[in-house]
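Derivation of every value follows stated rules applied to the coordinates shown; laboratory data play no part. This one's a predicted model, so the numbers in the text were calculated from it and none came from an experiment. Cβ sites come from the backbone with ideal geometry, for glycine too, and all protein chains shown count toward neighbours.
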């Protein structure tokens, strides 16, 4: 079993085991670093960390085009259903949803969450079990000490951590986060997309954790 990780740019990913494909925070339209167009994306599920436009992105269009199930906070699930998405799986921090490929658990994240002036529930991190691997997407968040517990409980092999500063952790705090979570590999995200964000990952240097910096469009097989 294996998991193929494709980076969509900013905070977006595709995770696939060859049968099931989960799109995470698919922000493509309006993303200056994206190399994929929405019509090029095929997925069975879409998982969202929170409701900001640079994470909700092309969710509704992708869900409708692929007949995909959208997984996110209760308020996000309600919103996309109103937009015509037929299948949703709502959750909240602390919960876990069993799915055909494995499961998705919601963790806390310290941020905000709204879309078009509407409250979108609690921001979340996502822990995704697929292809025999566990992937932790921290979402947009500051550093918090319970990241140690997330590492102990879920034992993710890969963690995607925001390093862009201003709205999330910067690279120094994300370094501490990676050392607390202790994945085999950490992927820096949410940086270099827009000028207010840190443009480089050079200061993201966790000890004992391999750092894999992906460019939009890059794929990597974890096995």
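Exposure proxy ranking for 124, 43, based on other Cβ atoms within 10 angstrom of each Cβ and starting from the fewest, stands as 43, 124. Put in line by how crowded their Cβ is, counting other Cβ atoms within 10 Å and starting with the fewest, 8, 99 read 99, 8.
When the Cα gyration tensor is reduced to axis lengths a ≥ b ≥ c, the ratio a/c is 1.5 or higher for region 128-167, and with a/b not above b/c it is classed as oblate. Only helical runs count toward this figure. For the chain, summing -39,500 (n - 2.57) over DSSP H runs of n ≥ 4 and dividing by all residues gives -5000 deg cm²/dmol at 222 nm. With the cut-off at 1.5 for a/c, could you classify the chain from its C-alpha gyration tensor as rounded, prolate or oblate? Rounded, since a/c falls under 1.5. Overall dimensions of region 78-187, expressed as equivalent-ellipsoid semi-axes from the Cα gyration tensor (√(5λ), whole Å, largest first), are 24, 19, 11. Compute the acute angle (0 to 90°) between the alpha-carbon long axis of helix 171-181 and the principal axis of greatest extent of the alpha-carbon atoms of the chain; round to the nearest 10°. Orientation of helix 171-181: about 80 degrees from the principal axis. As a rough footprinting exposure proxy, the listed residues 215, 96, 182 were ranked by other beta carbons within 10 Å of their own, and the order from fewest upward is 215, 96, 182. Between region 32-47 and region 190-219, what is the C-alpha centre distance in whole Å? Between the Cα centres of region 32-47 and region 190-219 lies a distance of 20 Å.
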